[in-house]
Structures are given as C-alpha cells and as structure tokens.
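Okay, structure first, notes after.
The values are calculated or read from the model by the stated rules, or taken from the named source; none is laboratory data. These figures come from a predicted structure and were not determined experimentally. All Cβ positions, even for glycine, are placed from backbone atoms using ideal geometry, and neighbour counts span all protein chains on display.
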Amino acid sequence: MSPLVMGVVNVTPDSFSDGGRYLDADRAIAHGRALLADGADILDVGGESTRPGATRPLVSEELARVVPVIEALAADGATVSVDTMRAEVAAAALAAGATIVNDVSGGLADPEILAVVAASTASYVAMHWRAHSDRMQQFTHYDGPVAAAVARELQDRVDAIRAAGVPDERIVLDPGIGFAKDAEQNWELLAHLDVIGDLGFPVLVGASRKRFLGALLAAADGTPRPVDERELAHAAIITRLALDGVWGVRVHDVRATRDVLAAVRRWESHR
C-alpha cells in the first residue's frame, strides 16, 4: 500500500523551505488547495518554524496564522493536520476542523497537549525530539546506534501518550529526521526505520528538502544545494520509504511525490 502524502502548508515568515511565501492566510489557503489538487491526502498546517535556529512565535501569533487557514481548508473537505507543540493551538485547531495533531515534540514541549488530544477523536503524531530549534543541534550525541536510541525515546513518549488516555489506534510515530541529528545520523536512521516500525505504530517520515540533502548534493566548494533543488534526491528516499511500507510521508512537492509513488506501484504490480 502506498504511503499517505502529507502536504506541508507553512504559515510562517521564516520557514527554511519557502521563506514566508505563504504567511498571508489567503495565499496559504490557495497553496493548500493546490496541494490537494496535486493529490495530497493530508494538509499539515503549521504556524511555527522548526528549522534549526528558529525562535518561537507568541501563542497569539501562532493562533492567528493557523486557525483561519485550517477553517477554510477543513470547510473544503480536506483532512487537516495542525503542526504545533502547544496545547492551546491544538485545541483551537481541532475546533476549527483539524483531525490530526502533529506534534514535533511528542508532548515534551507542552505536556497538556496530550490531554487535548485524549479529549478529542484526533490522531496524534509524536515525533522524536530533544530540544527546541534554537539549540536542538547541541543534542546530537546518542549512546549506541541512533535508531535504537530514537526507538527507546519514542517508546517513552508512547508510554506518556497512553497514560494521558490516547488509544494506540490514534498514535503515529515520526523518527524526527533532522531534529537533534547530524547528516550521518539522518542517513543511519533512514536505513534502520524498521527499528522504529518494530514499536508497533504507523510511521510518518519527513525528509523533504532538509539540510542533510543539501549537504549530500553540495557543490565542490561545499556550498549546500539550494532548498528547491533537492527534490530528485528526495524522490529516491520516497521510493525506498514506499517499498518499506511507511504509513506516510511529509512533503513539500506533492505532485513529484505522487509521480514517484505511481511509478513504484506500477513496478511492484509486475513483481
């Protein structure tokens, strides 16, 4: 079965991938609709950049960014996820029509978010996370293989999520590619995603346009490949993720991802 395609809608001024192109609500809504037309199964609407070094917006700013966009896209019939670490934003987003909470902190940044999810019918994506973006790259030391360490830390989050009352069937795990991990650790983690899958939950992977791809494709002088020129390398990752059976992929270019998945499905149908 092909993974679900989660299209990214960044309603932020400082995203690494689009540099604030969709900060205006009308432009963000139009972008979400375009991603739907390209074949997105889920729209992931976020109002806080989590790029390395990013600082956090005020809660009021995050709410003002995401709620109107979620309301409009949910009214269109889209399956909407809110990308937030804050309980207050999650609650407002669910009231506006979101049905998934995608928390990059897995409940560590704001433990009250787990109670919000438990009181709803929403699914909850818990990502592996160690610290906020302004200092997360200070936490790249892992004891032993990185995949095993990530799995242990995600199991701790599962225990907390269950304790809050969220049932297993509403839990999705994300290994956190690029978060508190250097380039080699990202590649090692991708190569051993089965260790994360062994926890028994659906797995979402977000590798789209990230820094480790820019480093892989760097020019001879070490200059990373620009963000919008990393899609072919990402397509190779999507191909392998599809073959490995992940639940979902979080991407910026939905159309390219759909093309890759169509080719994989056709190929596999002849095996």
**Asked** Yes or no: LEU108 surrounded by 19 or more Cβ atoms within 10 Å (Cβ to Cβ) and either part of a helix (DSSP H, G or I) or among the acidic types (Asp, Glu) (or both)?
**Response** no
**Item:** Subset of the range 234-266 that is touching a residue at least 40 places away in the same chain (Cβ under 8 Å) and among the basic types (Lys, Arg) - its residue that is nearest to HIS31 (Cα to Cα)
**Value:** ARG255
**Request:** Go through the range 67-104 and give me each residue that's among the hydrophobic types (A, V, I, L, M, F, W, C), free of Cβ contacts under 8 Å to residues at least 40 places away in the same chain and within 17 Å of ALA115 (Cβ to Cβ).
**Result:** VAL82, MET85, ALA87, ALA90, ALA91, ALA92, LEU94, ALA95, VAL101
**Fill in**
Just one listed residue, out of GLY97, GLY32, GLY77, GLY39, is farther than 22 Å from ASP134 by Cα, at pLDDT 95 or above, surrounded by 24 or more Cβ atoms within 10 Å (Cβ to Cβ) and of a type outside the set (A, V, I, L, M), and it is GLY32
**Request:** Hey, could you check the range 40-84 for residues that are part of a strand (DSSP E or B) and under 16 Å from VAL5 (Cβ atoms) and say which is farthest from the chain's Cα centre (by Cα)?
**Result:** VAL80
**Request:** May I ask you to say which residue of VAL117, VAL158, VAL150, VAL125 is part of a strand (DSSP E or B), in contact (Cβ under 8 Å) with a residue 40 or more places away in the chain and either hydrophobic (A, V, I, L, M, F, W, C) or closer than 25 Å to HIS192 by Cβ (or both)?
**Result:** VAL125
**Prompt:** Given the residues LEU173, LEU190, which is the only one that is in contact with a strand residue (DSSP E or B) (Cβ under 7 Å, 6 or more places away or on another chain) and touching a residue at least 24 places away in the same chain (Cβ under 8 Å)?
**Reply:** LEU173
**Item:** Output for the range 201-243, where each listed residue is surrounded by fewer than 14 Cβ atoms within 10 Å (Cβ to Cβ), out of contact with any helix residue (DSSP H, G or I) (no Cβ under 8 Å at 6 or more places or on another chain) and within 26 Å of GLU268 (Cβ to Cβ)
**Value:** LEU232, ALA236
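Just checking, which of ARG170, ARG211 is modelled with pLDDT of 95 or more and of a type in the set (Lys, Arg)?
When all the criteria are applied, what remains is ARG170.
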